Amino acid sequence: MSYDLVVRSRQTVLPEGTRAAAIAVSGPAIAAIEDYSAPLQARREVDVGDLALLPGLVDTHVHVNEPGRTEWEGFATATQAAAAGGVTTICDMPLNSLPPTTSVAALEEKRAAATGKCWVDVAFWGGAVPGNQAALRPMHQAGVVGFKCFLLDSGVPEFPPLDVAGLRSVLGTLATADALLIAHAEDAAEIKPASGRDFWSFVKSRPPVAERRAIEKVISAAAGTGARAHIVHLSAAECVAMIAAAKAAGIRLTAETCPHYLYFAAEQVPDGATEFKSCPPIRDAVNREALWRGLEAGVIDCVVSDHSPCPPDLKAPSSGDFGEAWGGIASLQLGLSAVWTVARSRGRTLDDMARWMAAAPADLAGLPAKGRLAVGNDADLVAFDPGEAYLVDPARLHHRHKVTPYAGRTLTGRVRQTWLRGTPLLDDDGLLQGKGEAPVGRLLKRG
Ligand SMILES: [Zn+2]
């Protein structure tokens with residue numbers, strides 16, 4: 001039998017562990033996994049040697065903002081950044097676009113806006129807001145991967161938060177469809193207004209207790225309804241124990257954290273450096289260490305970007321005022337390197353990386369063909385040099401806007417090639433191949 005593509009690597013990161021192997025691809029899918037030196041017939045053959053071969057990453061937390069706020073980001077630029085960063089599937093958040101994805105009609109608008117622009121595969125979250133409960137089931141049937149809600153002001157007026165009664169009611173509805181609710185968990189009652197250039201004042205305005213109080217509400221509502229709930233962008237490590245206890249009690253709860261919480265610490269943030277602003281905030285180094293332990297212990301399930309860009313005048317106002325700046329960090333292209341830089345120094349392996357950034361997010365979003373190098377899965381592959389260090393040059397980022405707290409940092413681990421369903425996406429300069437050709441990404445539905 002002749003395959004379309006064979007990729008060989010001495011460090012192939014398989015679900016059962018890393019070993020030398022050859023991945024044989026037929027059409028869009030992995031057809032066989034053989035020994036590294038197995039004789040195989042193929043139209044194209046690539047031997048990446050000592051480079052690692054990872055499953056394409058699945059980033060379930062990306063704000064693309066198109067349509068409606070396309071000047072903030074967009075499907076073309078976001079998916080190019082994803083491809084360059086080894087991310088082959090993104091799940092687009094339901095807010096910041098106009099309209100927000102809170103109805104089937106809005107989902108169709110979003111899909112229309114994305115059609116023909118995507119360099120990687122794109123799935124969609126729906127939104128759960130006050131008053132749209134009747135739209136949840138139809139959106140679930142239309143293939144969204146789950147529903148996002150806020151428990152405090154989202155930052156945009158068209159995506160209001162749920163109160164405690166609304167949260168419980170939505171979870172009750174979703175439980176009947178076995179659909180997932182993901183929650184931005186901060187409690188407004190514990191948050192003070194912030195202003196000024198001092199990062200510590202901003203961090204103190206959104207203390208860990210704000211996350212804790214909101215997560216308690218999610219746990220209580222999940223326990224009371226039997227629904228599946230997920231905490232997005234966990235920053236406060238003191239919540240790890242509570243999440244672990246909920247899981248141990250059989251409550252269907254999962255949690256994610258983000259590269260910026262694992263890489264940066266508040267001690268490093270200069271006054272007025274609003275490119276570091278996110279909600280919840282980057283906290284101190286002690287918190288970061290505890291967050292890592294929560295991840296290593298398996299309480300935190302996945303690491304995804306919360307890529308949330310906006311134009312430079314909103315992200316970095318000349319005042320340097322943390323109250324004024326948009327809270328969101330753009331890192332779709334850099335997440336793998338940022339997390340690996342720290343993970344490697346802690347003795348973690350590429351198997352851990354593949355679990356945290358590919359398999360677990362694929363499971364969360366219900367995308368069984370993604371996130372693992374396994375026969376029958378989509379041939380989404382990443383050739384990754386785990387030892388190569390590089391300086392982050394914002395000019396080389398494909399994000400629409402280049403403002404990033406990673407500028408000038410040296411990260412370890414570089415993506416050398418990304419294949420989407422067997423199609424290579426990068427050329428030797430790290431630029432996207434096939435300029436002028438149609439992008440090969442597809443719009444995905446859950447399952
Ligand atoms: Zn977000």
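The values are calculated or read from the model by the stated rules, or taken from the named source; none is laboratory data. From a predicted model like this one, the values you see are computed outputs, not experimental measurements. Positions of Cβ are generated from backbone atoms using ideal geometry, with glycine treated the same way; all protein chains shown enter the neighbour counts.
Taking (1) surrounded by fewer than 19 Cβ atoms within 10 Å (Cβ to Cβ); (2) within 16 Å of the ligand (Cβ to nearest atom) in turn, residue 35 satisfies each apart from (2). The helices (runs of 4 or more DSSP H) found wholly in the range 222-333 and carrying at least 3 residues that are within 15 Å of the chain's Cα centre (by Cα) and either within 16 Å of the ligand (Cβ to nearest atom) or not acidic (Asp, Glu) (or both) occupy 259-263.
Residue check: residue 176 meets all listed conditions (1) surrounded by 15 or more Cβ atoms within 10 Å (Cβ to Cβ); (2) of a type in the set (Ser, Thr, Tyr); (3) farther than 21 Å from residue 91 by Cβ but one, namely (1). Checking each residue in the range 85-99 for being touching a helix residue (DSSP H, G or I) at 6+ places or on another chain (Cβ under 8 Å) and either among the small types (Gly, Ala, Ser) or over 22 Å from residue 367 (Cβ atoms) (or both) picks out 85, 86, 97, 99.
Among the numbered conditions (1) touching a strand residue (DSSP E or B) at 6+ places or on another chain (Cβ under 7 Å); (2) touching a residue at least 60 places away in the same chain (Cβ under 8 Å), the only one that residue 328 does not meet is (1). The residue of the range 66-80 that is modelled with the lowest pLDDT, among those that are within 16 Å of the ligand (Cβ to nearest atom) and touching a strand residue (DSSP E or B) at 6+ places or on another chain (Cβ under 9 Å), is 73. The residues of the range 187-215 that are touching a Cys at 6+ places or on another chain (Cβ under 9 Å) and farther than 22 Å from residue 269 by Cα, listed by number, are 212, 215.
Taking first residues from the range 160-172 that are part of a loop (DSSP other than H, G, I, E, B) and partners that are surrounded by fewer than 18 Cβ atoms within 10 Å (Cβ to Cβ), the Cβ contacts under 6 Å between residues at least 6 apart in sequence or on separate chains come to 160/130. Of all the residues in the range 189-212, those that are of a type in the set (Lys, Arg), buried (at least 17 other Cβ atoms within 10 Å of the Cβ) and part of a helix (DSSP H, G or I) number 1. Those residues that are at pLDDT 95 or above and among the charged types (D, E, K, R), I need them from the range 138-153; list them, please. If the condition is that a residue be at pLDDT 95 or above and among the charged types (D, E, K, R), then 148 is the only one that fits. Per the listing 185, 83, the residue uniquely closer than 30 Å to residue 54 by Cα and touching a Leu at 6+ places or on another chain (Cβ under 7 Å) is 83. Considering only residues in the range 355-377 that are touching a Lys or Arg at 6+ places or on another chain (Cβ under 8 Å) and more than 16 Å from the ligand (Cβ to nearest atom), the one that is farthest from residue 126 (Cα to Cα) turns out to be 377.
Of all residue pairs spaced 6 or more apart or on separate chains, those with beta-carbon atoms under 7 Å, a first member in the range 264-290 that is without any contact (Cβ under 8 Å) to a residue 60 or more places away in the chain and a second member that is buried (at least 17 other Cβ atoms within 10 Å of the Cβ) and of a type in the set (Lys, Arg) are 265/288; 274/315. For the range 335-349, check the following and say yes or no: at least one residue is within 16 Å of the ligand (Cβ to nearest atom) and touching a residue at least 24 places away in the same chain (Cβ under 8 Å). Looking for residues that are within 16 Å of the ligand (Cβ to nearest atom) and touching a residue at least 24 places away in the same chain (Cβ under 8 Å), one finds at least one in the range 335-349, hence yes. Among the residues making up the range 126-158, those that are part of a loop (DSSP other than H, G, I, E, B), crowded, with 23+ Cβ neighbours inside 10 Å and in contact (Cβ under 8 Å) with a residue 60 or more places away in the chain are 144, 145, 146, 151.
Within the range 365-410, take every residue that is in a loop (DSSP other than H, G, I, E, B) and β-branched (Val, Ile, Thr) and give me the one that is surrounded by the fewest Cβ atoms within 10 Å (Cβ to Cβ). This residue is 375. Could you tell me whether any residue of the range 356-364 is assigned to a strand (DSSP E or B), in contact (Cβ under 8 Å) with a residue 60 or more places away in the chain and surrounded by 23 or more Cβ atoms within 10 Å (Cβ to Cβ)? Looking through the range 356-364, none of the residues is assigned to a strand (DSSP E or B), in contact (Cβ under 8 Å) with a residue 60 or more places away in the chain and surrounded by 23 or more Cβ atoms within 10 Å (Cβ to Cβ). Residues considered: 101, 88. Of these, the only one that is away from the ligand (no atom under 16 Å from the Cβ) and surrounded by 18 or more Cβ atoms within 10 Å (Cβ to Cβ) is 88.
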